[in-house]
Amino acid sequence: MSHLHILHCESATGWGGQEIRVFQETGLLLERGHSVDIVCQPNTPLSQHCETLKHPNFRFFSREMKSSFHPASLAGVYRLLKKLRPHIVHTHSSVDSWQFTLMSKLLGIPVVRSRHVSLPIRGYFPNSWLYFAPERIITSGQAISDIVTQVRGVKSEHVTSVSAGVDLRRFDCNISGAEIRKSLGLIEGQPLIGKIGVIRGFKGHNQFLDAIPVVLEKMPSARFVIVGDGPGFEEIKGKVKAKGLNDSTTLLGHRSDVPEIMSACDVLTLASTSGEGTPQVIPQAFAMKTPMVATRIGSTPDLLDQGQRGVLVEPGSGTALAQGILQQLADPALALEKAERAYQYCREALTDELMILQTIKVYDSILSSRSPHSNGQK
């Protein structure tokens with residue numbers, strides 16, 4: 001279809017890779033002349049970003065989404081969809097998937113469900129309905145696709161893996177990290193190790209903190225930065241102090257200058273213990289040519305080509321993470337060689353251009369298989 005009208009709905013209230021991707025895909029669709037609506041919870045980072053987006057083909061709706069089956073909420077969703085009549089409704093989290101899939105089915109509007117995390121799925125009814133009712137499922141990694149296809153009723157041909165893509169215009173490997181290093185008081189040659197992402201349980205911040213003393217024992221001059229906000233920020237801040245790591249570790253909170261921070265780092269880490277598909281930080285680090293250490297979870301082994309594009313370590317162990325960091329720091333030439341391979345792979349397979357083209361292909365496949373009067377448009 002030459003012109004698409006997509007409605008994204010998102011009930012999550014954070015600002016991690018999932019919410020960032022919703023907003024990123026919205027911008028990419030608008031750039032290509034399509035129309036996009038976003039429905040999300042009020043007073044969230046996503047709603048705040050939506051308020052800044054001014055485009056004639058974009059509309060933003062703020063709605064409370066606290067309960068999957070609240071009658072008034074369902075009625076409100078029905079009225080909204082009946083008014084907007086998008087070509088496709090694209091859902092992302094549990095509550096919005098229940099509300100918008102149910103009402104879309106009543107109105108004959110096709111649904112795409114995204115699954116962003118590699119956590120186990122309760123495959124019994126009625127939860128399984130959320131996965132076989134949509135016309136298509138998009139996952140952010142093959143490891144997640146493998147989980148989804150195990151749900152009873154889901155057809156494997158209706159599940160497509162579309163990795164998170166990076167904007168190479170923003171994440172440009174020529175960007176300098178000198179000002180970041182200066183602001184941190186680092187001298188030339190002093191190692192900087194970073195962890196970037198939402199601070200929540202499965203992201204592995206505890207293991208990152210456990211790794212720091214092990215690295216410092218071998219490299220006392222090393223310094224560490226934790227970038228991001230989230231529900232676990234205050235807890236991690238307290239643990240940094242309790243462990244006596246204040247002199248070596250800086251919590252920067254949420255930052256918009258992520259490319260500069262990545263450029264300043266000698267090594268970036270992904271320490272997650274579960275839940276990841278294609279974490280945003282990996283293609284971003286690849287684009288910046290920053291050496292990567294990542295845990296063996298989800299799709300990370302494939303992304304790192306089993307260790308050819310970075311160092312892989314076992315999840316849940318601060319010692320294993322520290323050993324991976326030290327391995328990268330001990331042989332800078334090899335680390336940069338792997339980073340160069342990662343960069344070339346990123347340009348070939350992990351760009352935002354490829355991501356949005358693959359997503360549009362899914363949309364088009366749905367609409368081309370439906371009759372002109374069966375897609376909710378009148």
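Would region 249-378 count as rounded, prolate or oblate if I go by the C-alpha gyration tensor, calling it rounded below 1.5 in a/c and otherwise prolate when a/b exceeds b/c, oblate otherwise? Taking the square roots of the gyration eigenvalues as a ≥ b ≥ c, region 249-378 is prolate.
Is the chain best put as rounded, prolate or oblate by its Cα gyration tensor, with a ≥ b ≥ c the root eigenvalues, rounded for a/c under 1.5, and otherwise prolate when a/b is larger than b/c, oblate when not? Note, shape of the chain comes out prolate. Residues of region 130-155 with the amide nitrogen closer than 13 Å to a label point 7 Å from the Cα of SER369, along Cα-to-Cβ, please. Flagged as within label range: 132-138, 154-155.
The simple spin-label model puts a point 7 Å past each Cα toward its Cβ; for ALA72 and THR160 those points are separated by 3.9 nm. Taking label positions 7 Å along the Cα-Cβ direction at both TRP129 and ASN174, the computed distance is 5.5 nm, reported to one decimal. Applying both filters, DSSP loop and at most 13 other Cβ atoms within 10 Å, to the trypsin sites (Lys or Arg not before Pro) of region 1-92 gives ARG32, LYS54, LYS66.
Spin-label model, GLN306/ARG152: points 7 Å from Cα along the beta carbon direction are separated by 3.6 nm.
Since only VAL89, TRP129, ALA75 are under comparison, the one whose Cα sits farthest along the positive direction of the charge dipole of the chain, derived from C-beta charges on Lys, Arg, Asp and Glu, is ALA75. In this structure the amide hydrogen of THR139, modeled in the peptide plane, comes within under 5 Å of the amide hydrogens of ARG115, THR160, SER161, VAL162, none closer than 5 places in sequence on its chain. Here the chain is assigned +1 on the Cβ of each Lys and Arg and -1 on the Cβ of each Asp and Glu. Its dipole about the Cα centre then comes out at about 1260 debye. Tilt of helix 233-242 relative to the longest C-alpha principal axis of the chain, in degrees (0 to 90, nearest 10)? Helix 233-242 sits at roughly 20 degrees to that axis.
Sparse packing (at most 14 other Cβ atoms within 10 Å of the Cβ) combined with a DSSP loop state is found for the following chymotrypsin sites (Phe, Trp or Tyr not before Pro) in region 1-80: PHE69. A 23 angstrom limit on the alpha carbon distance is what I want to check against. Which of LYS105/LYS155; LYS82/LYS155; LYS182/LYS243; LYS66/LYS195; LYS243/LYS338; LYS54/LYS105 exceed it? Over 23 Å apart, Cα to Cα: LYS82/LYS155; LYS182/LYS243; LYS66/LYS195; LYS243/LYS338; LYS54/LYS105. For a label point 7 Å from the Cα of GLU31 along Cα→C-beta, name the residues of region 146-172 whose backbone N is under 20 Å from it. Residues 162-172 qualify, since their backbone N sits under 20 Å from the label point. Taking the Cα centre of region 178-349 as origin and assigning +1 to Lys and Arg Cβ atoms and -1 to Asp and Glu Cβ atoms, the resulting dipole is close to 240 debye.
Counting only alpha carbon atoms, the long axis of helix 352-368 and the longest principal axis of the chain meet at about 20°. When a/c is below 1.5 the answer is rounded, else prolate if a/b is larger than b/c, else oblate, so apply that to region 156-281 with a ≥ b ≥ c taken from the square roots of the Cα gyration tensor eigenvalues. It is oblate, given that a/c is not under 1.5 and a/b is not larger than b/c.
In the chain, helical runs assigned H by DSSP with n ≥ 4 each contribute -39500 (n - 2.57); averaged across all residues and rounded to the nearest 500, the mean residue ellipticity at 222 nm is -12500 deg cm²/dmol. Between GLN280, GLN306, GLN358, the residue with the greatest mean-square fluctuation in the GNM of the chain (Cα pairs under 10 Å linked by springs) is GLN306. Pick from SER248, SER368, SER68 the residue whose mean-square fluctuation is largest in a GNM of the chain, springs joining Cα atoms under 10 Å. Top of the fluctuation ranking is SER368.
For the chain, the longest principal axis of the C-alpha atoms and the axis of helix 17-31 are separated by about 60°.
Once the chain from GLN344 to ASP247 is taken as fully extended at 0.36 nm per residue, the excess over their C-alpha distance is 31.3 nm.
Any read-out appearing in this document is the output of simple, stated calculations on the displayed coordinates, not a laboratory observation. Only a predicted model underlies this, so the values are computations on that prediction, with no experimental measurement involved. A quick note on method: Cβ atoms are made from the backbone with ideal geometry, for glycine too, and the neighbour counts reach across all protein chains shown.
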